[in-house]
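Peer 1: Okay, handing you the structure first.
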Amino acid sequence: MKKALILALLVLWPGFAMTAEEFRLISAPGGTAYHYHVVAFLPDGTLIVARGRSVELWPPPWTGPRRILQGHGGTVSAVAVSPDGKYVATSDSNSEIIVWDTATWRELHRFGAHSFTVWALDFSPDGTLLASGAFDTTIRVWDLSLGMEVLLLQGHKSWIRCVDFSPDGSRLVSSSCDGTVRLWDVARGGLLATIKAGIDGIYNVRFSPDGSLLIWGNYEGDIKFYDAETLEEVRVISNPKKPIYGLAISPDGTYLASAGFDKVVRVWELSTGRPVAEFSGHTSHVWGLAFSPDGKYLASASKDGTVRIWELP
């Protein structure tokens with residue numbers, strides 16, 4: 001596999017002193033035809049990347065895969081890591097979900113109730129539940145101890161792009177290509193609220209680490225911050241380049257990263273929305289973003305066939 005270590009030039013804003021740093025470039029064999037589009041980190045810093053039907057595990061310093069997980073019959077479309085790192089969930093274009101035991105990397109569960117591609121996965125904060133969202137417009141919640149579906153959530157009018165549990169696990173937020181963000185009660189299985197979030201698809205939505213905010217990027221290029229209780233808008237970051245495909249929040253809640261159609265990875269101060277840095281280098285859309293567990297690195301996955309790992313201050 002082609003690998004390189006490259007110097008990245010950063011665009012800086014007044015008041016923020018950052019120097020050019022190195023990043024790791026991981027290139028997919030076959031180029032854009034087999035591009036990386038999903039990234040995540042294990043608690044030990046191992047990078048998880050999805051390419052085609054395979055899931056690759058790259059331990060730091062990310063110079064090569066230690067292990068390649070096989071088992072999907074379709075293109076891997078989503079990856080999630082349980083908070084304690086004991087489980088990894090992956091899904092594919094054949095509507096299957098595999099839950100892996102990270103101690104042995106054997107399959108723990110295989111779920112197949114969805115129809116069509118499963119685009120979204122997230123574990124509950126205690127790691128007992130797994131939420132999935134799919135092209136079939138449904139959200140399903142799975143109990144890992146029982147190995148079965150325990151909740152079906154319906155209401156979106158188009159395919160689900162993202163699901164995210166609240167920090168206390170009581171609520172689940174989802175985003176869809178119907179242009180809405182919806183908030184669900186996990187215990188009762190009911191819809192709490194629907195927010196018209198954009199004129200087109202909403203590819204990502206996140207709770208802030210303290211659960212006080214809902215944050216999403218829309219097709220128009222805006223990043224919106226809503227109060228998670230009152231559902232009132234509290235801040236908007238406008239970006240003339242659209243749409244936004246990926247969002248990630250650093251483990252300590254300091255930074256928010258965004259990326260999308262314009263190929264640039266941007267880092268913002270979460271508490272204020274102040275721009276911190278831009279990372280340029282991708283030559284096509286950026287789909288996936290993930291911060292390393294120590295918050296020192298940011299991984300970005302692109303349609304250009306690469307994953308780039310940027311070093312933060």
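Peer 1: Here are some conditions: (1) within 13 Å of Ser208 (Cα to Cα); (2) buried (at least 19 other Cβ atoms within 10 Å of the Cβ). Pro251 meets all but one. Which one does it not meet?
Peer 2: (2)
Peer 1: May I pose another question? May I ask you to verify whether Asp304 is within 18 Å of Leu47 (Cβ to Cβ) and either in a loop (DSSP other than H, G, I, E, B) or among the charged types (D, E, K, R) (or both)?
Peer 2: When the stated conditions are applied, Asp304 passes them.
Peer 1: Out of (1) within 21 Å of Val307 (Cα to Cα); (2) in contact with a Leu (Cβ under 8 Å, 6 or more places away or on another chain), what's the single condition that is false for Gly253?
Peer 2: Unmet condition: (1).
Peer 1: State whether one or more residues within the range 199-208 are closer than 16 Å to Val234 by Cα and out of contact with any strand residue (DSSP E or B) (no Cβ under 6 Å at 6 or more places or on another chain).
Peer 2: The answer is yes, given that some residue of the range 199-208 is closer than 16 Å to Val234 by Cα and out of contact with any strand residue (DSSP E or B) (no Cβ under 6 Å at 6 or more places or on another chain).
Peer 1: Hey, among the residues in the range 50-69 that are of a type in the set (A, V, I, L, M, F, W, C) and touching a Ser or Thr at 6+ places or on another chain (Cβ under 6 Å), which one's nearest to Ile98 (Cα to Cα)?
Peer 2: Val55
Peer 1: Still on this structure, I have one more. Answer yes or no: is there a residue in the range 219-227 that is hydrophobic (A, V, I, L, M, F, W, C) and either within 30 Å of Glu311 (Cβ to Cβ) or touching a His at 6+ places or on another chain (Cβ under 7 Å) (or both).
Peer 2: Scanning the range 219-227 turns up at least one residue that is hydrophobic (A, V, I, L, M, F, W, C) and either within 30 Å of Glu311 (Cβ to Cβ) or touching a His at 6+ places or on another chain (Cβ under 7 Å) (or both).
Peer 1: Next question. Applying the selection to the range 274-302, what residues are buried (at least 24 other Cβ atoms within 10 Å of the Cβ), out of contact with any Ser or Thr (no Cβ under 6 Å at 6 or more places or on another chain) and either among the aliphatic types (A, V, I, L, M) or free of Cβ contacts under 8 Å to residues at least 60 places away in the same chain (or both)?
Peer 2: Listed by number, the residues that qualify are Ala290, Leu298, Ala299, Ala301.
Peer 1: Report whether or not Gly281 is modelled with pLDDT under 95, more than 17 Å from Leu25 (Cβ to Cβ) and not in a strand (DSSP E or B).
Peer 2: Criteria not met by Gly281.
Peer 1: Separate question: Cβ contacts < 8 Å: first residue modelled with pLDDT under 95 and surrounded by fewer than 21 Cβ atoms within 10 Å (Cβ to Cβ), restricted to the range 213-225; second residue of a type in the set (A, V, I, L, M, F, W, C) and in a strand (DSSP E or B), any location; separation 6+ or different chain. Result?
Peer 2: Pairs found: Tyr219/Ile244; Gly221/Ile244; Asp222/Val236; Asp222/Ile237; Asp222/Ile244.
Peer 1: A follow-up question, please. Tell me, yes or no, whether the range 38-57 has at least one residue that is aliphatic (A, V, I, L, M) and either over 19 Å from the mean Cα position of the chain (by Cα) or not in a strand (DSSP E or B) (or both).
Peer 2: Checking the range 38-57: at least one residue is aliphatic (A, V, I, L, M) and either over 19 Å from the mean Cα position of the chain (by Cα) or not in a strand (DSSP E or B) (or both).
The values are calculated or read from the model by the stated rules, or taken from the named source; none is laboratory data. A quick note: this is a predicted structure, and the numbers were derived from the prediction, not measured. FYI the Cβ positions are ideal-geometry reconstructions off the backbone, even for glycines, and counts take in every protein chain you see.
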